[in-house]
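Working notes for the structure below.
No value in this document is a laboratory result; all are computed from the given coordinates. Note that this is a predicted model, so its numbers are computed, not measured. A quick note on method: Cβ atoms are made from the backbone with ideal geometry, for glycine too, and the neighbour counts reach across all protein chains shown.
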Amino acid sequence: MSIGNSGRIVIEIPSEKKRLLYGELSKRGISLKGWFLDRVDGYLRGNGESTLLDHKQLADIFTNKFDSATIADGASEKPTAGKQQREIKAPKQALCKAYEELESRFSVRILQSDVSYVSPVNFVESLRRPRHRWFPYKEGFSPTFVQGFITEFTKAGSGIVLDPFSGVGTTGLVASKLGFNAVGFDVSPMAIFISKVKSIVLTSTEIQKLSIYIRDVQNSPLEERWTPPANSTVVSYFEEEYLSALLSIRMVVSSAPNKKISDLALLAFLTLIEEFSTHRKAGNGVKRKTRYDYRKTNESAKEKVRIAFVNKLSEIREDLELDPLAKIPNFQVASCINSNAIADIDEVALALTSPPYANCFDYSKIYMRELWLGGFFKSTSDQSAFRKSSIRSHVHATWSDRNTEYGSEIAERIICPSLESQELWSNKIPSMISGYFKDIGALLSTLKPKLRKGASFGIVVGNSVYGGISVATDLLIADMAEQMGYSVTRIDVYRGVIPSSQQYALVEDRRWARESTVIVKKK
Ligand SMILES: C[S@@+](CC[C@H](N)C(=O)[O-])C[C@H]1O[C@@H](n2cnc3c(N)ncnc32)[C@H](O)[C@@H]1O
């Protein structure tokens, strides 16, 4: 590999590999330069660094507008169109027709450069914002997006802002800052714990107590250790000395002088887990790290973990001093797809949410280490209960059919039968897709009577693909909402999403591989 003064990068790889790479990219309609920059951008974002690409450039990657890049191997040929094109299964015509009909019925805005955030789901921005930066939740909203949405669709400060899938509470925190009463639900006890801790307010005396606690941790011999989690998989994701150091810090959390400080300390502890693990979050789970950055310095494992803990708590203390909260949001562990949670709240002025996408990701698996080491899971039955109460966006649970009165007509009539006729990696995918829309339907239905007349509901979703069949979640939700008596304001499309390389290769029509916000209104 060589890098020229002008910024030109030349990577030499064998011709066979080069042909394969060009072939795969050409099937996806992505340029080499676009693909490379997207990977670099993802790498930077994964490391919490500022992104390389602006919103327009990211969008362009997916529409092949980037210049070509070079991979040198002595030959310079690129595949001719068609030469590398594998036979792709014809899209189901009926589905295509149904999507085109919906697309023409709704107002669909393709946003490229006229928004000030890269994507509504972009936690990188949160990592620079007080309170939001306390815990990295990859699936979290961009606070700028949330603020823009609330100010566009509600009147200042009046009524409840609800996020039914609230994650680590971005909507609630932003809405509270704007003077609204905010309510958030999530089935993850850890996500709700983090949201509540991010809403803590300390008096100046309490801030002093926190400073004393931080100093005590700096001087502590860290001799005692917390009991290791009763899950061998979690234990296997750490080197012994680092797990032992983490368990010493976990013990120090419980010696905090009061509940607020011990909660802040537990949150700080949760942020250490990924850093000192041999694995990193990737896709639907974890992958072994290729670089062990935590090994780089010379201190003992215990010292390194202590330093990271103290640094995190100091950052939290700084935000508590500089960024007081006037209103405290109300976050609750509850499933929003059964009517009880929603039934108890007052009139909603605006709802904004991002449900898990129908992409098989299981949050209990992705955050498994934090859920066990944080003490949120104590047995495997806690994990099963979490999976069962979550929306049907993954295949890791068997559900007795629920919310059967709802669902997407197009999913039932076209998508699920097409998927059932194929051999997919899991035979639960068709029922997952069917269940996903039933659960979203239940939420739309129970929320409607709670929404103030004229109130908007924004639902940020990413579409998915299985067996070459596009599941255009945005269009299907808009369709269901309209049939339930909502009016569909518009669908804002932010960027293309690449579902997975194998799936993407099978889709001929990529118009619906995208991330968008469906905005509906109570009439
Ligand atoms: C995409 S994340 C939301 C992130 C959020 N926008 C933020 O800024 O942190 C989706 C969340 O939905 C939660 N979830 C899954 N099923 C749920 C259900 N039935 N009710 C409430 N929350 C649920 C997951 O635990 C996850 O935290």
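Mind counting lysine pairs for me in the stretch 204-322? Cα separation below 15 Å, and the two need to be 8 or more apart along the chain or on different chains.
Close lysine pairs under the 15 Å cut-off: 5.
Each residue in M251, M190 was given a count of other beta-carbon atoms within 10 angstrom of its own, and listing them fewest first yields M251, M190.
Modelled spin labels at S236 and E347, positioned 7 Å past Cα toward Cβ, are 5.6 nm from each other.
Here the simple spin-label model places points 7 Å from the Cα toward Cβ, and for E152 and S314 these points are separated by 4.1 nm. Annotation: amide H-H contacts under 5 Å for L451 (H modelled 1.01 Å from N, sequence separation of 5 or more, or interchain): V348. Fewest-first ordering of C96, C336 by other beta carbons within 10 Å of each residue's beta carbon gives C96, C336. With K and R counted +1 and D and E -1, the other residues having a Cβ less than 12 Å from that of G159 yield a net charge of +2.
Set the Förster radius R0 to 35 Å, insert the Cβ-Cβ distance between S426 and K97 as r into 1/(1 + (r/R0)^6), and round the FRET efficiency to 0.05.
FRET efficiency, S426 to K97: 0.80.
For the stretch 177-199, no residue has its backbone nitrogen under 11 Å from a point 7 Å from the Cα of K378, taken along Cα to Cβ.
Database remark: amide H of G159 closer than 5 angstrom to the amide H of N181 (H placed geometrically; neighbours at sequence offset of 5 or more, or on other chains; Pro and chain starts carry no H). The length gained by stretching the chain between E409 and E321 to full extension, at 0.36 nm per residue less their Cα-Cα distance, is 26.5 nm. Residues of the stretch 415-442 falling in the label zone of D401, defined by backbone nitrogen less than 20 Å from a point 7 Å along Cα to beta-carbon, are 415-422, 427-442.
Taking all C-alpha pairs of the stretch 204-322, those more than 24 Å from each other amount to 28 percent. Three semi-axes describe the equivalent ellipsoid of the stretch 318-425; taken as square roots of 5 times the Cα gyration tensor eigenvalues and ordered largest first, they are 32, 22, 15 Å.
Applying 0.36 nm per residue to the separation of A282 and R490 and subtracting their alpha-carbon distance, the gain on full extension is 71.6 nm. Here is the size of the stretch 398-502 from its Cα atoms: Rg then Dmax, 14.7, 46 Å. Taking 0.36 nm per residue of sequence separation and removing the Cα-Cα distance, the K259/K138 pair yields an extension gain of 40.8 nm.
Working from label points 7 Å from Cα in the Cα-to-Cβ sense, the T297 to E223 distance is 2.5 nm.
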